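The values are calculated or read from the model by the stated rules, or taken from the named source; none is laboratory data. Everything numeric in this text was worked out from a predicted model, so none of it was measured. Using ideal geometry, Cβ is built from the backbone for each residue, glycine included, and neighbour counts are taken over all protein chains shown. All accessible areas refer to the heavy atoms of the entire protein, side chains included, with ligands and DNA or RNA removed. Shrake-Rupley method; radii C 1.70, N 1.55, O 1.52, S 1.80 Å.
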Amino acid sequence: MDKLIIKIAEDYTTIPGVREEIEGDFPGEEFLEKILLPKFKQALSEKKKLLIDLDGTAGYATSFLEAAFGGLARNYKQAKIVLDTLEFKSDDDPFLEDDITEYIKEANDK
Amino acid sequence: MKKIYTTTEYKKRNKKRAKDRIKQTLLNKAKAKTKRKRLMGIPIVLQREQRDNDRFESLKAPANFSFVENTVEILTYFETIQRYINRRKPVLINLKDITNLTNDAIVLLLAFIKTPKITKSVPIRGNYPKDVILKKIFQESGVFGVNGNENEPKNYILTRQNKKAEGGIANELIKRATKIVFGQEARCVGVYRALMESMANTCYHAKPQQIAHETWWLTVYHDKVHNKVSFAFIDLGVGIFKSSKMTGFREKLTSFFGITDNRDVLKEIISGRKMSSTKIPYRGKGLPNIYKGLERNYYSNLKIISNDVKADLTENNYEKISKEFNGTFLYWELNNTNRWTS
């Protein structure tokens, strides 16, 4: 099956910020809105997987990841559809995939 | 009637007056001579500076000028400075006799004296330590604003300040730090995360409408002897336990588990043990993840000081401090045993 790909270091920035724009540049909410959500919708409509390549950046703040991937799960009001569609590549930080999965699963908890 | 100056009474009084005058003149001459001797060879500029300094109240700093090692004494010292400032008395921060200095104290001093709402426009000055090495560190830190040429290479210490979370600053500091520790510019995703989380935490003040009002300060210090780089981050906001993000979480901890001591609150925050019933809102994951960075060996020797708690997370030691620190302080070290990516 074909995959859509987002390489954050190339498609967005090498220095991701935090959650909101008011807190600093390249926030997770902006990444969700401008890049992740449109690509995710495309992946769903084309019934493809969406590979997120996390390598090549300086690192990620928790709030960036939570706003982006947790925000995506909140957008669809469920974690399953997000987890079933997304795949991750993270050689720089082997813990990142587990962290993101946790944020997605917990995103809709009150 | 004409005054008769030949009376005994007049002569006696005149003699006494003359004697007193000559005594005073001699005394003044002696004083002037002593002063001349004291100032002999000292350039006129320095003499003027000395005279100027005399207006300031000299407050002697604790010999162990380390916030991490000597927390209560350092906080007491800053409290004393604040008292003089409140009385609008100019202060001289007297560091001449300090014998130990760490970058965490420098960053605290920087944040303190460069925050207008603390200094209230009262003049503050400082002198440098007698110790040559400590003096150099201080000069390079630019704490007293006389660090000379901006282009001068600063081998020991770098300082940055901002109100927002700046990935560019974090990245720049990591590159410099890794060049020192690992011999090449590298990426440390854990350090980047810790820096960004610390900066982001500063944005959230006690009042949510005051987002990004508070300034954070960061110093990065290269310890050549131990080949490690230490990061000291500080903000003089309200502290972790009074932050707007913590209000709901604290209330739940108290009602569910009866936890009121801030040491226990911090343990709960970083361990996440009871999250299922007292869930931290999704905005509150920064601190637990800074702790995860230590567990994952992205850095070492993580310490946190905030409000009435001082925690050494490497040693799992949580201490209640007798002086309240209104702010958040984070410290960690990067050495060649920590994880990095080329």
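What accessible area, summed over both chains, is buried at the A-B interface (1.4 Å probe, Å², nearest 100)? Could the numbers behind the result be given before it?
Values: alone 6180 and 18990 Å², together 22640 Å².
About 2500 Å² of accessible surface is lost on pairing.
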*Computed over region A:1-91, the ratio Rg/Rh where both radii use C-alpha atoms and Rh is Kirkwood*: 0.95
*asked:* Which one, A:ILE5, B:SER300, B:TYR331, projects farthest toward the positive side of the charge dipole computed for the protein assembly as shown from Cβ point charges (K/R +1, D/E -1)?
replied: B:TYR331
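Roughly how many percent of the accessible protein surface of the protein assembly as shown is carbon and sulfur, given a 1.4 Å probe and a whole-percent answer?
Its accessible area is 50 percent carbon and sulfur atoms.
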*Cβ-based net charge around B:ASN301, under 10 Å, with every Lys or Arg adding one and every Asp or Glu removing one*: -1
*Provide the net charge surrounding A:LYS89, with neighbours chosen by a C-beta distance below 9 Å and charges set as Lys +1, Arg +1, Asp -1, Glu -1.*
-4
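On full extension of the chain, what length is gained from B:VAL132 through B:ASN14, given 0.36 nm per residue of separation minus the C-alpha to C-alpha distance?
Values: separation 118, 0.36 × 118 = 42.48 nm, distance 5.91 nm.
The span from B:VAL132 to B:ASN14 would gain 36.6 nm if fully extended.
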*So what's the gap between the Cα centers of region B:176-206 and region B:37-102, to the nearest angstrom?*
32 Å
*Can you pick out the pairs among A:LYS7/A:LYS105; B:LYS179/B:LYS323; B:LYS89/B:LYS135; A:LYS3/A:LYS105; B:LYS120/B:LYS323; A:LYS7/B:LYS179 whose Cα atoms lie more than 29 Å from each other?*
B:LYS179/B:LYS323
*What does the helix-only formula give at 222 nm for chain A: each DSSP H stretch with n ≥ 4 adding -39500 (n - 2.57), the total divided by the residues, and the result rounded to the nearest 500 deg cm²/dmol?*
-9000 deg cm²/dmol
_How large is the Kirkwood hydrodynamic radius of the protein assembly as shown, counting all unique pairs of alpha carbons, in Å?_
25.1 Å
_Nearby lysines by direct alpha-carbon distance to B:LYS35 (threshold 22 angstrom, same-chain neighbours under 8 apart not counted)_ = B:LYS23
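Taking 1 over the mean of 1/r across every pair of different Cα atoms in region B:46-144, what Kirkwood radius in Å do you get? All intermediate terms of the calculation are to be shown ahead of the outcome.
On the way: mean 1/r = 0.0732 Å⁻¹.
Its Kirkwood hydrodynamic radius stands at 13.7 Å.
Let's test the formula: R0 of 51 Å, r as the Cβ-Cβ distance of A:LYS49 and B:ASN317. What FRET efficiency results, to the nearest 0.05?
Values: r = 46 Å, r/R0 = 0.91.
Efficiency, rounded to the nearest 0.05: 0.65.
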*Karplus (6.51, -1.76, 1.60) ³J(HN,Hα), θ = phi - 60°, over region B:119-125, in Hz, Gly and Pro reported as x*: 7, 6, 6, 7, x, 10, 10
_How many angstrom lie between the Cα centre of region A:32-77 and the Cα centre of region B:294-342?_
31 Å
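Mind checking the alpha-carbon convex hull of region B:1-104 and giving the volume per residue in Å³? Don't skip to the end; give the middle numbers.
On the way: hull volume 23.8 nm³, N = 104.
Value for region B:1-104: 229 Å³ per residue.
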*Separation of the B:LYS60 and B:LEU39 label points, Cα + 7 Å toward Cβ, nm*: 2.6 nm
_Candidate aspartates and glutamates - alpha carbon under 17 Å from B:LYS164, same-chain residues fewer than 8 apart omitted_ = A:GLU20, A:GLU21, A:GLU23, A:ASP25, A:GLU29, A:GLU30, B:GLU172, B:GLU197, B:GLU214, B:ASP235
